[in-house]
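Below is one structure; the comments refer to it alone.
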Amino acid sequence: MLNRRLLTCATLALATALAAPAFAADAAADANADDNTILVNGNLGDKAVSAGSKSSLPIAETPQSISVISREDIDKLGVANLNQALRYVAGVTPETRGAGAEQYDQFTLRGFSVPVYLDGLKQFSSSSGYAMPQVDMSRLESIEVVKGPASALYGQSSPGGLVAMTSKLPLDKAFYGSAAATYGTYNLYRVDTDVGGKLSDAIGVRLSGSVNGADTQQYYGSRARQVINGAVAAKIDDKTTLTVMAAYSHDPKNGNYSGQPASGTLFYNVNGKVSTRYADGEPGGFYRRDQFAATYILNHDFGAGWKFRASGRYQQVTTSLGSIYETGMQTGLTDLSQQTTSSRGSYATHETLNNWTFDNQLTGHIKTGPITHDILLGVDRQTAHSYELAAFGSANDINIFNPVYGTQPVPQSAEQIGSDFTSLISFGQTGIYGQDTISYGGLRVVLSGRQDWAASWTPGTVQKDSKFTGRAGVLYKTSFGLAPYASYSTSFEPQATVLNATTGALAKPSMGKQVEAGVKFQPNGSPILITAAWFHIEQTNLVSTNPATQISTQSGKVRSEGFEIEASAPLPGGFNLHGAYSHQRVRTVSDQDPQNVGTGLIGAGDGNLAVNLDWTAKSGPLKSLNIGAGVRHVSRTYGGLFDTTLTGNNIRQYYVPAYTVFDAMLHYDLSNLDTRMKGMTLSVNATNLFDKKYLTSCYLYPQSTGWCWYGQRRTVQGTVAWKF
């Protein structure tokens, strides 16, 4: 019966979308907002979120754990990518590939890799190669971290949750702008600009961009990027607005994506520690990426509390890569501690990823006596096509303690290596969903349901799946701001992984379910927000890939159980505190390979602790000076199974040790020195202040090989910004 009602409502929403204009935008922001009101509602602030419920339900009234990173937080921390922005979020194990993979956003949430959304639409990545998008920080207004399954609204979601980013959109101001220049360690440079204004009472525009880059921590590596983003918001009439966005990013260089051998990093080596500057490739290695995206958003107000929103995006990612990389330990090694060289191979690929995503929503309010129903009905469609031309080849060994570069040419194309192969994987998904948020006094009940039809295909093979997912949550907010809650949710995540190279058989979707219980506290009228949650997650149909043979298998069940707490509060004397703590236990409870039972998930950590305290001078000669300090502790992460004797008789579990690093920051309004510098600020950010050497993760495979990744060493950067 529920499925029939959802189908009827979704059909109505789709029919409305087809009758509407092709391009559209969000509704006008709250008339009581300040002069930074956005023409289209893209910034919901720190107290209200959109990703958790696809509405503006406040965090304190949402029966799910959610964290928000504002634009102010991004600027204050001086972060360069999503990985860095998530450092102070509970439940996140950030930067799992350390300092050698800044071109990707690789992290885990509650022990799982999770999808990333931009403006409510999924950011697709290649299912077989390296064509993965990355959004530059200059484009973003805020980041929301939704913890736990969210398939009831999004269809594709990891059991760990998802990350939802929101783009900068035009502001309701005649003219505004900002510019910032940054320089720092490893020749880091960054120039950001952001300008906009109203062309008329009905049209606003915004243009932002960035030119940035740096040398990498490893030998010879460097990265560079040029990005430009544009948005136009039009008020078509009193009830309809339109936003069209376009973004282009060119990455001519993307570091060296280099790891280090386990011997000399995680494990003892008689020759000492492998240098944090060690790179396993060659200076001629390259990874180039181009990204283009065009997005539309439509909002129409029917009146009487009913609104319609339609959005869609086309995105293309193209990459070219040529690399020499470590494939394993030196040949004939009988004692791991004696390793001095690593075997290497060569690889080249050219990839193209195209995807279309659409989401249409109808929302409204219904009152039945003292009970209010906030209704959400939607239908969405997602397609992605991934093409790869690649080849693997041989390469000479490298000395890991005294590397000599320039001895091995880097392949410029797959054809140059020979024995090249192609991979074409496509994916499509259609979903209809509905949600009822019931309010009665302080009681909030959220009921969500969704039916998905998904298909993955390669030439000659099709994998079709359908699944109903749901969420039920209840929360009660007391008169003094305390809100206990409980929820149950499920996830459904199609996987376009080839399990059999001969037949082309594809993996079945992974399934997940979660029980969460927690409490939130936000005193009325106060910016103080404290949230705590206990969760229990189970995931089935996991895919695992042997790094040596590249053969993937699917089986098993994983359980993640833990506790999280986050607090954000202003303190007396001009102090402000943000703290996050999580502890989780992630374990494989069944698997096709018996030796995996009882182990963790590679890259999944046991939790984290992050505290940031800052102080702002309110008066005197230091007025507006803001100084802060942060501490980040990441618990041990699971590295995998390994036999250090290399005999195959002593395979055991290994964990990457926990690490603790400290950060510091300083911000100052230069107009306090001279009124002619109005709008200008000076910022200094230091991460890993005491230059600690540490590993973020390792990937160990029994009787095969092991890779590890060093974390970023001390970096210091200074920024001069001007807001006008």
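Only the coordinates and a few stated rules stand behind these numbers; no lab work does. It should be emphasised that the depicted structure is a prediction, and the values quoted were computed from it without experimental measurement. Glycine gets a Cβ as well: all are built from the backbone with ideal geometry, and neighbour counts include every protein chain shown.
Counting only lysines at least 8 places from Lys723 when in the same chain, those with an alpha carbon closer than 18 Å to its own are Lys76, Lys168, Lys173, Lys198, Lys678. Other residues lying with their Cβ under 9 Å from the Cβ of Arg632 contribute a combined charge of 0, Lys and Arg counting +1, Asp and Glu -1.
Only the Cβ atoms of Lys and Arg (+1) and of Asp and Glu (-1) were treated as charged; on that basis the dipole of the chain about its Cα centre amounts to roughly 780 debye.
How much net charge surrounds Phe690 when only the other residues with a Cβ under 11 Å from the Cβ of Phe690 are counted, with Lys and Arg +1 and Asp and Glu -1? Value of the local net charge: +2. Taking 7 Å steps out from each Cα toward its Cβ at Asp238 and Val404 produces label points 8.1 nm apart. Kirkwood Rh over alpha-carbon pairs of the stretch 321-374, then Stokes-Einstein at 20 °C and 1.002 mPa s: what D in µm² s⁻¹, rounded to an integer? After rounding, the answer is 120 µm²/s. Straight-distance candidates among the aspartates and glutamates for linking to Lys557, with alpha-carbon spacing under 14 Å and chain neighbours fewer than 8 residues away dropped: Glu538, Asp591, Asp593.
Against the main long axis of the alpha-carbon atoms of the chain, helix 2-19 sits at an angle near 80°. Counting neighbouring Cβ atoms within 10 Å and putting the fewest first, the residues Met677, Met665 line up as Met677, Met665. For a straight C-alpha distance cut-off of 19 angstrom, the lysines reachable from Lys464 (same-chain residues fewer than eight places away being disregarded) are Lys508.
Relative to the Cα centre, the charge distribution of the stretch 444-494, modelled as +1 at Lys and Arg Cβ and -1 at Asp and Glu Cβ, gives a dipole magnitude of about 220 debye. When the helices of the chain are scored as -39500 (n - 2.57) per DSSP H run of n ≥ 4 and the total is divided over every residue, the value at 222 nm lands at -1500 deg cm²/dmol.
The calculated FRET efficiency for Ser413 paired with Val195, based on their beta-carbon distance and R0 = 60 Å, is about 0.90.
Would you list Leu447, Leu153, Leu57, Leu162 from fewest to most Cβ contacts within 10 Å? Ordered by Cβ neighbours within 10 Å, fewest first: Leu447, Leu57, Leu162, Leu153. Applying 0.36 nm per residue to the separation of Ala224 and Val720 and subtracting their alpha-carbon distance, the gain on full extension is 176.5 nm.
Segment Arg636..Ala617, full-extension length gain: 3.1 nm, with 0.36 nm per residue of separation and the alpha-carbon distance subtracted.
Taking 0.36 nm per residue of separation and subtracting the current Cα-Cα distance, fully stretching the chain between Phe302 and Asp290 would add 0.3 nm. Overall, the stretch 346-497 carries a charge dipole of about 900 debye about its Cα centre when +1 sits on the Cβ of Lys and Arg and -1 on the Cβ of Asp and Glu, all other atoms neutral.
Going through (1) 40, 31, 26; (2) 52, 36, 22; (3) 56, 27, 23, the figure that equals semi-axes √(5λ) of the Cα gyration tensor in Å as computed for the structure here is (1). Extending 7 Å from Cα along the Cβ direction at Tyr314 and again at Asp215 yields two label points whose distance is 4.2 nm. Sorting the segments 349-355, 181-187, 267-273, 694-700 by their residues' average number of neighbouring beta-carbon atoms within 10 angstrom, most packed first, yields 694-700, 349-355, 181-187, 267-273. Ordering Ser552, Gly598, Leu242 by the projection of their Cα atoms onto the charge dipole of the chain, which places +1 on the Cβ of Lys and Arg and -1 on the Cβ of Asp and Glu, puts Gly598 at the extreme positive end. Short-range pairs are left out: with C-alpha atoms under 8 Å and at least six residues apart, the relative contact order of the stretch 250-325 is 33 percent. Report the calculated FRET efficiency for Phe575 and Trp534 (r = Cβ-Cβ distance, R0 = 30 Å), to the nearest 0.05. Step by step, r from the Cβ atoms, then E = 0.55.
Panel order for Glu72, Glu282, by other beta carbons found within 10 Å of each beta carbon, from fewest to most: Glu72, Glu282.
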